[in-house]
């Protein structure tokens with residue numbers, strides 16, 4: 001009897017695992033769980049910017065060809081309003097994500113599409129440190145991973161930033177918000193500086209999701225930084 | 001005779017040049033005048049706002065510049081490039 005029970009459990013596990021693995025296409029909606037920033041002085045524009053950032057929503061698409069695309073859901077107002085558009089854009093730069101990201105994991109190629117039309121290519125891979133810490137997010141067991149990187153800050157000093165991700169191995173898709181991928185599971189929660197992204201909706205499908213990588217001339221990240229800082 | 005005549009003319013010509021009026025300026029004063037136009041005002045506001053949202057200088061150099069330019073454009077009423 002016990003043996004039969006075990007066989008049944010094993011059968012259902014294999015059955016549902018096959019379903020998950022056959023669904024190699026997905027759409028994940030990320031929202032902003034929290035922004036842990038309080039300005040030192042009261043300022044209505046800063047408050048409005050934070051509120052806009054909190055309402056920004058992002059979509060991650062991935063498919064069976066191992067391509068992915070992450071971008072903000074466009075919330076631009078229909079009427080031309082320079083200050084409103086500015087606050088929306090600045091909220092993205094300061095708190096969330098101001099680029100559209102594409103990855104081709106087969107070729108190890110990443111593309112960043114900025115609002116001025118520039119396409120930046122980058123082939124670097126994220127180096128993650130996976131810890132033993134776990135937590136449950138929406139019924140999925142998640143493990144913690146961290147990624148450290150250095151960057152040139154606006155005071156001309158090199159600074160280090162640590163990104164913390166919680167990924168679910170039971171969702172074997174190595175993608176996540178922004179340009180953070182490469183973990184052995186879908187990232188359900190990600191903390192970048194003072195902003196935390198959270199996956200609020202996951203749709204898996206065996207029907208292919210078409211992802212078109214950006215076409216056109218690409219430049220490196222260094223070239224783009226030089227271009228921006230030169231005022232061009 | 002001719003040589004003497006032309007030498008005399010050259011002498012007179014060069015003498016008149018050397019006696020040109022030379023004015024000496026005593027205690028030159030340089031006045032600095034600040035042109036406070038809209039762009040300058042917007043630039044100051046942009047920097048003040050940047051300090052408010054990033055008091056610890058954590059923004060990258062590129063992001064800070066993009067922000068600064070976007071603020072000045074919005075402040076001057078120029079349409080900003082929307083996020084994609």
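Quick notes
- For region B:1-36, a residue qualifies if it is at pLDDT below 65 and either surrounded by 10 or more Cβ atoms within 10 Å (Cβ to Cβ) or closer than 30 Å to residue B:73 by Cα (or both), and the qualifying residues are B:32, B:33, B:34, B:35, B:36.
- Residues within region A:95-120 that are farther than 16 Å from residue A:71 by Cα and within 11 Å of chain B (Cβ to nearest Cβ), tallied: 0
- Qualifying residues in region B:42-69 (those that are free of Cβ contacts under 8 Å to residues at least 24 places away in the same chain and more than 10 Å from chain A (Cβ to nearest Cβ)) - the one farthest from the chain's Cα centre (by Cα): B:47
- Residues in region A:128-180 that are touching a helix residue (DSSP H, G or I) at 6+ places or on another chain (Cβ under 9 Å) and over 21 Å from residue A:194 (Cβ atoms): A:156, A:170, A:171, A:172.
- Tally of residues being surrounded by 12 or more Cβ atoms within 10 Å (Cβ to Cβ), within 14 Å of chain B (Cβ to nearest Cβ) and over 20 Å from the mean Cα position of the chain (by Cα) across region A:190-222: 2
- Odd one out for residue A:208, checked against (1) at pLDDT below 95; (2) within 19 Å of residue A:112 (Cα to Cα); (3) not in a strand (DSSP E or B): (2)
- Given (1) in contact with a strand residue (DSSP E or B) (Cβ under 7 Å, 6 or more places away or on another chain); (2) assigned to a loop (DSSP other than H, G, I, E, B), index of the condition residue A:224 fails: (2)
- Between A:131, A:124, A:115, the distinction of being surrounded by fewer than 21 Cβ atoms within 10 Å (Cβ to Cβ), over 25 Å from residue A:204 (Cβ atoms) and touching a strand residue (DSSP E or B) at 6+ places or on another chain (Cβ under 7 Å) belongs to A:131 only.
- For residue A:34, the test of being modelled with pLDDT of 90 or more and more than 14 Å from chain B (Cβ to nearest Cβ) is passed.
The values are calculated or read from the model by the stated rules, or taken from the named source; none is laboratory data. Everything numeric in this text was worked out from a predicted model, so none of it was measured. Neighbour counts run over all protein chains shown; Cβ positions are idealised from the backbone, glycine included.
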